[in-house]
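The values are calculated or read from the model by the stated rules, or taken from the named source; none is laboratory data. Please read these numbers as outputs of a predicted model, since none were measured by experiment. Note that each Cβ is placed from the backbone with ideal geometry, even for glycine, and that neighbours are counted across all protein chains shown. For accessibility, only protein heavy atoms count, side chains too; no ligands or nucleic acids. Shrake-Rupley method; radii C 1.70, N 1.55, O 1.52, S 1.80 Å.
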Amino acid sequence: MFSFLRSYFSNDLAIDLGTANTLIYVRSKGIVLDEPSVVAIRTQGGPNSKKTIQAVGKSAKEMLGKAPGAITVIRPMKDGVIADFTVTEQMLKQFIKKVHDSRLLSPSPRIIICVPSGSTQVERRAIRESAIGAGASQVFLIEEPMAAAIGAGLPVSEPTGSMVVDIGGGTTEVGVISLGGMVYAGSVRVGGDKLDEAIMNYISRNYGMLIGENTAENIKKNIGSAFPGAEVREMEVSGINKAEGIPRKFTISSNEILEALTEPLNSVVSAVKSALEKTPPELGADIADKGMVLTGGGALLRDIDRLLMEETGLPVIVAEEPLTCVARGCGMALEKMDNLGSIFASD
């Protein structure tokens, strides 16, 4: 009886639990939370030493690389799956608490969560259990390419092939969808994080400078591109000189960043090509007509649509608001939950 009451007072949620950001969609309200998937944990010393959560989300992300010894800043999701189980559960708890107004009863909502199509049974069970630990009454899983396709407004339930490429923080998901099911799903563990890492390594190799994750991400957003363009943009960056051990400023150009990003971007291109190879010919004809849709934060990288267009020769469209596509798709699945059985993933 009590659990019925709790779930009655709770709104159903759709959660895009991403490597970089977590988005929460509340039924009939839309997306209400968009925060980085980062947690700051403070370890208290002394006789009764314990770990407490200092900050979650945006405030925790600002601490990345700047925290003292007593505070550890963790990104509990790695490559789209859970790397640190307990921290993920606590993070979900905090986020769910933020979006629920009712203070009388602790919320017990039905939750839909996105999982990468390449995740194993163990990884899916970890995601399901952490959501139940965070207070969910029921948990349904949906594969990311499916959610991205629904969010981008593709005709997923019709007998025509739709191709979606979702470039997230930890993984790139490629899916071919027809009649409400996945005909092909591929997943490579290359995403925004790998691009940042490539920039950090390039600057360390060629300039002898060390920069942090946030700086690398800023460089990628400001002057990063996936295809050689006519104009060359420059940016001033600060880092620590490895030889002298002293902070220095230096200028880097967009052509150098293009060179740094070549390798991870090639992995994305080869994932798209292998998806096209394994697509049945009839659906391939549909894709040749309509092209593929790019979603996820990686779709915001300058000229990435041109790179894929040149490499595959197919039309490439970047979805509207690619960052929130998966969460919106999850939300649409939530609204029509009772009559969309086939789109949910099994464990």
Go through (1) on the phi > 0 side of the Ramachandran plot; (2) crowded, with 19+ Cβ neighbours inside 10 Å one by one and return the number of the condition PHE140 breaks.
(1)
In region 57-88, residue most open to solvent (accessible area, probe 1.4 Å) [restricted to those that are in a helix (DSSP H, G or I) and farther than 15 Å from PRO36 by Cα]
THR86
Being in contact with a helix residue (DSSP H, G or I) (Cβ under 7 Å, 6 or more places away or on another chain), in contact (Cβ under 8 Å) with a residue 12 or more places away in the chain and acidic (Asp, Glu) narrows GLU173, GLU236 down to just GLU173
With LYS278, LYS242, LYS336, LYS249 as the choices, which residue is without any contact (Cβ under 8 Å) to a residue 12 or more places away in the chain and out of contact with any Pro (no Cβ under 7 Å at 6 or more places or on another chain)?
LYS336
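Filter region 230-259 down to residues that are closer than 19 Å to LYS220 by Cβ and either surrounded by 14 or more Cβ atoms within 10 Å (Cβ to Cβ) or not hydroxyl-bearing (Ser, Thr, Tyr) (or both), then give me how many there are.
So the count comes out to 17.
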So which residues in region 30-54 are open to solvent by less than 70 Å² (accessible area, probe 1.4 Å) and among the hydroxyl-bearing types (Ser, Thr, Tyr), if there are any at all?
SER37, THR43, THR52
Looking at region 62-88, which of its residues are touching a helix residue (DSSP H, G or I) at 6+ places or on another chain (Cβ under 9 Å) and touching a residue at least 40 places away in the same chain (Cβ under 8 Å)?
LEU64, GLY65, ARG75, MET77, LYS78, ASP79, GLY80, VAL81, ILE82, PHE85, THR88
Would you tally the residues in region 145-188 being of a type in the set (D, E, K, R) and surrounded by fewer than 18 Cβ atoms within 10 Å (Cβ to Cβ)?
1
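Scan region 138-175 for residues that are hydroxyl-bearing (Ser, Thr, Tyr) and touching a strand residue (DSSP E or B) at 6+ places or on another chain (Cβ under 7 Å) and jot them down.
The initial filter retains those residues of region 138-175 that are hydroxyl-bearing (Ser, Thr, Tyr), namely 157, 160, 162, 171-172.
Result: THR160, SER162, THR171, THR172.
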From the options VAL316, VAL268, residue that is more than 21 Å from LEU179 (Cβ to Cβ), in contact with a helix residue (DSSP H, G or I) (Cβ under 6 Å, 6 or more places away or on another chain) and open to solvent by less than 70 Å² (accessible area, probe 1.4 Å):
VAL316
For region 130-142 the number of residues that are touching an Asp or Glu at 6+ places or on another chain (Cβ under 8 Å) and either over 16 Å from PRO116 (Cβ atoms) or not small (Gly, Ala, Ser) (or both) is 3
Tell me which strands (runs of 3 or more DSSP E) are completely within region 234-347 and hold 2 or more residues being in contact with a Leu (Cβ under 7 Å, 6 or more places away or on another chain), or say none if there are none.
234-241, 292-295, 316-318
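Matching residues to (1) closer than 21 Å to ASN222 by Cβ; (2) without any contact (Cβ under 8 Å) to a residue 12 or more places away in the chain; (3) open to solvent by 20 Å² or more (accessible area, probe 1.4 Å); (4) within 18 Å of the chain's Cα centre (by Cα):
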site	(1), (2), (3), (4)
LEU261	yes, no, no, no
SER274	no, no, yes, no
ASP289	no, yes, yes, no
ILE304	yes, no, no, yes
LEU308	no, no, no, no
